[in-house]
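Written out below as structure tokens is the structure these notes cover.
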Amino acid sequence: MAFTLEMALLALKKFNAAVEEKKDYLTDLDSAIGDADHGINMNRGMKKAMEKISGKEYGDFGGLFKDVAMTIMSAVGGSAGPLYGTFFMKMGQKLAGKTEASTENMADAMQEGLGGITSLGKSQAGDKTMVDALQPAIDALRAGAPDGEPAAWKAAVDAAQKGMEDTIPMLAKRGRSSYLGERSIGHQDPGATSIFYLVSAFRDAGTGQ
Amino acid sequence: MVGILIVSHSEDAARGIAQIARGMSAAIGDAPIAGVGGNDEGGLGVSVAKIMEALADMLPKCDGILILPDLGSSVLSSRGAVGMLSDEDAAKIVIADAPVLEGAMLAAVEASTGADLPAVAQIAKEAKNLKKIDH
């Protein structure tokens, strides 16, 4: 069983539903250390991305993720716009021409997307950002690939969750929260939290949950 | 001529700063100076698409473009917009690490004299050391 184009559409739908449901929670996390807009911004961006792709026929992952990327970059309004936009754009470029992806393909594409995030945000592991949830998730997905999709995606979601929780004691080095210095310690990073929802959405769609 | 693009979280701020910079430099020359800002619903924020539109409009008229972002998402969004361009166009653009208002004014004056992009970028960067009040 491979990750199909239909599953990607479903994953985006589930991610949109998750940011809609967790909009206030994400904004609360962001109001502690950021500018209190992550939930509202992600909700607006994903909603517009869903409007853009709904009813359209896509021939490959590349076209689908490019539309999502361009919409998010324009509609989100905060740093999450270019960061998530670049993630989806690079993922789409890596999967261009494909309608099915193996778990290894997905890990490769997500790694490409993460490369886009780090080159744009100059962020590293441990900076209290999206990267801290995403890199462990990709590593776990790749390591779990030989065990089959359900086990690999479960490992990826578990790693994203742990990565998200591990941001709590970190000192923020990027973005608005870095202006707070020591006061950023003790708060969970909103970007790492939305990444946990994204990886969960991929898992749910990819394993029929 | 080098063009200057102000990117702010506020459309009013971006346009206002562009207007001030234009006012300061108009007597010297006619460097293209534009300002974009706000999210795509008109609220505070930054839209990569708006930056891309402004760059597409300016590129044919300019030998180079200096982008002056206010901070945070404006920097990331500017990088994102430049990343979407061809390598040839992207090579004509520099994103300045400079105070946006002071940098825009000094850069506009420099650009209006016909200076090249590295010179305009350098002067914007030096605006960090500009003393406003002598004590």
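All of the numbers you see were taken from the coordinates with simple rules; none came from a lab. Bear in mind the structure is a predicted one, so any value in this text is a computation, not a measurement. When we count neighbours, we look across all protein chains shown, and the Cβ atoms used for this are built from the backbone with ideal geometry, even at glycine.
The table that follows gives values for the structure above.
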| read-out | value |
| --- | --- |
| Ranking of A:1, B:24, B:105, A:42 by count of other Cβ atoms within 10 Å, fewest first | A:1, B:24, B:105, A:42 |
| Packing-based exposure ordering (other Cβ within 10 Å, fewest first) of A:157, B:120 | A:157, B:120 |
| Descending principal axes extents, segment B:33-85, alpha-carbon based, whole Å | 31, 19, 18 |
| Surrounding net charge for residue A:150, when Lys and Arg each add one and Asp and Glu each subtract one, Cβ distance under 13 Å | -2 |
| Span-rule helices in chain A, defined as complete DSSP H runs reaching 18 Å or more along the axis (Cα) with Kyte mean at least -0.5 | A:5-21, A:61-75, A:80-94, A:103-121, A:131-144, A:190-206 |
| Rounded to the nearest 20 debye, dipole of segment B:2-126 from Cβ charges on Lys, Arg, Asp, Glu | 120 |
| Candidates per trypsin sites (Lys or Arg not before Pro) in segment A:113-209, loop by DSSP, up to 16 other Cβ within 10 Å | A:122, A:173 |
| Distance histogram for segment A:3-206 (every C-alpha pair counted, 5 angstrom bins, percent rounded to whole numbers) | 1, 9, 16, 22, 22, 16, 9, 4, 1, 0 |
| Estimated 222 nm signal from helices in chain A, with DSSP H stretches of n ≥ 4 weighted -39500 (n - 2.57), rounded to 500 | -22500 deg cm²/dmol |
| Lysines whose Cα lies under 18 Å from that of residue A:47, excluding same-chain neighbours fewer than 8 positions away | A:13, A:14, A:22, A:23, A:56, A:66 |
| Charge tally in the Cβ shell below 14 Å around residue A:169, where Lys, Arg are +1 and Asp, Glu are -1, residue A:169 excluded | -2 |
| Taking N as its residue count, the alpha carbon Rg of segment A:124-196 over 2.2 N^0.38 Å | 1.17 |
| Cα-based reach from residue A:128 at 17 Å (exclusive), listing lysines while leaving out same-chain residues under 8 positions away | A:162, A:173 |
| Scattering curve values for the protein assembly as shown, log₁₀ I(q)/I(0), Debye with Cα scatterers, q = 0.10 Å⁻¹ | -0.61 |
| Residues A:38, B:9 arranged by fewest to most Cβ contacts within 10 Å | B:9, A:38 |
| Extent along principal axes [Cα atoms of segment B:2-126; Å; largest to smallest] | 36, 30, 24 |
| Which of B:26, B:9, B:90, positive extreme of dipole for segment B:2-126 (C-beta unit charges) | B:26 |
| Mean ellipticity per residue at 222 nm, deg cm²/dmol - from DSSP H runs of n ≥ 4 across chain B, formula -39500 (n - 2.57) | -14000 deg cm²/dmol |
| Top of B:70, B:87, B:97 by mean-square fluctuation, Gaussian network on chain B, Cα under 10 Å | B:87 |
| Local electrostatic count at residue B:107 - Lys and Arg +1, Asp and Glu -1, tallied over other residues with Cβ under 13 Å | -2 |
